[in-house]
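The values are calculated or read from the model by the stated rules, or taken from the named source; none is laboratory data. Every value quoted in this text rests on a predicted model; they were computed, and no experiment measured them. Backbone-built Cβ (ideal geometry, glycine too); neighbour counts: all protein chains shown. When the accessible area is computed, the model is the full protein with side chains, heavy atoms only, and any ligands, DNA or RNA have been set aside. Shrake-Rupley method; radii C 1.70, N 1.55, O 1.52, S 1.80 Å.
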Amino acid sequence: MRTDSGLAIGITEDNVNLISPAPVPAAFSKVRDDVAAMRPALFRMNVDWKYLQPDPSRPAILDAGVSGCMRTIGPCAPFQGITAQLKAIAARQKEGAGWNVLVNIYGVPDWAATKGGGCERPSIEPFSRAINADGLAAYEDLIVGIARLADRTGAELRFWAPWNEPNQIFFISPQRARCDVTSPLLSPAVYTRIFERAKHALEKAGGTRDIVLGDLAGSPKKGKRAGTAAEFLSALPDDVICAADVLALHSYPGNGFDVIPSATAVTDARDCGKRLPVWITETGAGDPRASKHRDDSPAALKEQCRRYDEQLRVWSRNPRVKVAVQYTVREDPAFRVGLVNSTLDREYPSFDLIRAWSRARPGTPPQLPASCR
């Protein structure tokens, strides 16, 4: 991964048919080939624990079947979950450069969730709550199980993010005891327990493993149900921050807020003897707000692409920022920032942009693609 001499480009994609070198249905093959041609430096693999382990009496089902649809939208092509993804990753890694993996975990099974309380939305589900004692033990087993399955399939899983967006209510709820921004965050203590369990599990699994701190949402200001990255990091103990190898932040073009200075100021202030490199593990062109409309007119898509390019150039000039990860390849209709539409029959200009950046020489930003002009 080009972490020292340029901005490396990664992708997030949940559908194995868009990453596998094996034969795939025709509806997936064009996009799959275009993704493969990128040779992404980093592949962010999402792990929805709730889906994998509905029954506490059984281990996580790592070959649980997945429809291959985008929510309910076709084309669909079923595959065997994490097992299929690891086999595809192993095959890509054998091809040569790229395809380092960041494992990103989220989603609490009903049986593993604590009871609600504090400042919660009425619609919040166990998926979002803190993990109880039995759940934390099973969470450790989940990590060990994935790591050992990867070893058997030949996939290298070096980077691990213990929990996704822990400063947001959808992934840890409640964030505060009272619906007041002056109420201290509860989520850092929850995350600390998760982080410690992840560290122990990775030590048990063996091999070279780096822990990625955060995967924090880049909220511009405190909310009663969300914390800023700096606020969250400030409440973490030194043992957590100093044990981390990377600081992961989420940031999207045009949000008018640079999360990096305030977040790194917190981690740099700790007596760890190191400065954590920054990875932007979620970014993309469009509208990342849940269920919002994305203007996909030609003029709007070009403008989105240009803003995206401007943001990538800013990050490429920042020596602290090493990686930017596109979220996602196939567009999720609930988070409209994909490179190709949900039905896989229209690639957006931002796909050309990400391909250009992925192929650029270290330290030399590419020209803006014609489709973005």
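Some points to look at:
- Residue in segment 99-110 that is farther than 22 Å from Val24 by Cβ, out of contact with any strand residue (DSSP E or B) (no Cβ under 7 Å at 6 or more places or on another chain) and not β-branched (Val, Ile, Thr) present: yes
- Filter result (under 21 Å from the mean Cα position of the chain (by Cα) and part of a loop (DSSP other than H, G, I, E, B)) within segment 327-344: Thr328, Val329, Glu331, Pro333, Ala334, Val337, Gly338, Leu339, Asn341, Ser342
- The residues in segment 294-313 that are in contact (Cβ under 8 Å) with a residue 12 or more places away in the chain and open to solvent by 40 Å² or more (accessible area, probe 1.4 Å) can be counted, and the count is 6.
- Taking first residues from segment 142-171 that are touching a residue at least 24 places away in the same chain (Cβ under 8 Å) and of a type in the set (Val, Ile, Thr) and partners that are open to solvent by 10 Å² or more (accessible area, probe 1.4 Å) and outside any helix (DSSP H, G or I), the Cβ contacts under 6 Å between residues at least 6 apart in sequence or on separate chains come to Ile169/Arg225.
- The sole residue among Asp238, Asp210 that is surrounded by fewer than 16 Cβ atoms within 10 Å (Cβ to Cβ), of a type in the set (D, E, K, R), more than 24 Å from Val337 (Cα to Cα) and within 21 Å of the chain's Cα centre (by Cα) is Asp210.
- Among the residues of segment 29-73, those that are in a helix (DSSP H, G or I) and touching a strand residue (DSSP E or B) at 6+ places or on another chain (Cβ under 9 Å) comprise Lys30, Val31, Asp34, Val35, Met38, Trp49, Lys50, Tyr51.
- The condition of being surrounded by fewer than 17 Cβ atoms within 10 Å (Cβ to Cβ) and within 19 Å of the chain's Cα centre (by Cα) holds for Arg71.
- Filter result for the condition that a residue is open to solvent by less than 10 Å² (accessible area, probe 1.4 Å) and more than 18 Å from Leu233 (Cβ to Cβ), over Ala133, Ala161, Ala198, Ala112: Ala112
- Matching residues in segment 57-68 - criterion: being of a type in the set (D, E, K, R) and either under 29 Å from Ala248 (Cα atoms) or open to solvent by less than 30 Å² (accessible area, probe 1.4 Å) (or both): Asp63
- When restricted to residues that are outside any helix (DSSP H, G or I), in contact with a Leu (Cβ under 8 Å, 6 or more places away or on another chain) and surrounded by fewer than 21 Cβ atoms within 10 Å (Cβ to Cβ), segment 164-195 contains 1.
Residue-by-condition table, conditions (1) modelled with pLDDT under 95; (2) of a type in the set (Val, Ile, Thr); (3) open to solvent by 10 Å² or more (accessible area, probe 1.4 Å):
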{"site": "Thr12", "(1), (2), (3)": "no, yes, no"}
{"site": "Asn17", "(1), (2), (3)": "no, no, yes"}
{"site": "Asp34", "(1), (2), (3)": "no, no, yes"}
{"site": "Pro40", "(1), (2), (3)": "no, no, no"}
{"site": "Asp55", "(1), (2), (3)": "no, no, yes"}
{"site": "Ala88", "(1), (2), (3)": "no, no, no"}
{"site": "Arg92", "(1), (2), (3)": "no, no, yes"}
{"site": "Leu102", "(1), (2), (3)": "no, no, no"}
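- Filtering segment 349-373 to residues that are more than 25 Å from Ala248 (Cβ to Cβ) and within 23 Å of the chain's Cα centre (by Cα) leaves Pro349, Asp352.
- Taken across segment 41-48, residues that are touching a residue at least 12 places away in the same chain (Cβ under 8 Å), more than 22 Å from Val212 (Cα to Cα) and in contact with a helix residue (DSSP H, G or I) (Cβ under 9 Å, 6 or more places away or on another chain) do not occur at all.
- Pick from segment 345-361, criterion among the basic types (Lys, Arg) and assigned to a helix (DSSP H, G or I), ranking: modelled with the lowest pLDDT: Arg359
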